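Here is the structure we will look at, set down as structure tokens.
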Amino acid sequence: MRKLAILTFITLDGVMQAPSVPEEDYSGGFTQGGWARDYWEDVMEQVSREAMAENYDLLLGRNTYETFASAFGNSGNNDPIAKKLNNAMKFVVTSTMKDLQWKNSERITGDIAAEVFRLKQQDGPLLQVHGSWQLIQTLLSYKLIDEYRLWTFPVVVGSGKRLFASGAIPTDLKLIKSESCASGAIMSFYQPVEGDAK
């Protein structure tokens, strides 16, 4: 059995939508995309060290998959982050995409909660979810998340897709690791209190 962790960039007001570039996600009329750019280099060094050095498989929603495939799929293996992402197995939650071009990619459809539970029962490395807001909402509702790897940026955007959307299930979490960046962003890893997660 393996664990599932989400890796999420959020603002102080809890928004996770389009941190890197404005065109990443305009849905809902969101105009504040790219809010993490001024902190990117500082944070990505920490992300690489703390969350991406170990072996992992990826569980991604369609939009995040397309963004990552475009950015890393043809980048070669000179960049250590790109090499890890390219070599990882990628499980993609999609009802529309039929042909997944990025190597080591497998489509997941149907009962997503049941499929993710099945993946967690398998032997293998950690399952990491990057971005993928809609997928995370499903994982939250079924208590399938074993670890929250959050980077909180000293930015307020006012509106957008929040990690914990309206109707989130009350959950007690314990802090297991924390570290600040010189830029002011803060890394915080949490796990559900024993007995609270599936």
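The values are calculated or read from the model by the stated rules, or taken from the named source; none is laboratory data. Since the structure is predicted, the reported quantities are computational estimates derived from the model, not experimental observations. Neighbour counts are summed over all protein chains in view; Cβ atoms, including those assigned to glycine, are modelled from backbone coordinates with ideal geometry.
Details
- Number of positions in region 134-155 that are closer than 17 Å to VAL93 by Cα and not β-branched (Val, Ile, Thr): 8
- Of all residues in region 74-117 being buried (at least 16 other Cβ atoms within 10 Å of the Cβ) and aromatic (Phe, Trp, Tyr), the one that is modelled with the lowest pLDDT: TRP102
- So ARG162, is it closer than 30 Å to GLY29 by Cα, among the basic types (Lys, Arg), surrounded by 19 or more Cβ atoms within 10 Å (Cβ to Cβ) and touching a residue at least 40 places away in the same chain (Cβ under 8 Å): no
- For region 139-150, a residue qualifies if it is over 13 Å from the mean Cα position of the chain (by Cα) and within 20 Å of ASN63 (Cβ to Cβ), and the qualifying residues are SER141, LEU144.
- Restricting attention to region 1-53 and to residues that are under 25 Å from ALA113 (Cβ atoms) and among the charged types (D, E, K, R), the residue that is modelled with the lowest pLDDT turns out to be ASP25.
- Residues of region 165-187 satisfying the condition of being closer than 24 Å to SER48 by Cα, without any contact (Cβ under 8 Å) to a residue 40 or more places away in the chain and hydroxyl-bearing (Ser, Thr, Tyr): SER178, SER180
- Within region 65-83, the set of residues being under 22 Å from ARG49 (Cβ atoms) and in contact with a strand residue (DSSP E or B) (Cβ under 8 Å, 6 or more places away or on another chain) comprises just one member, PHE68.
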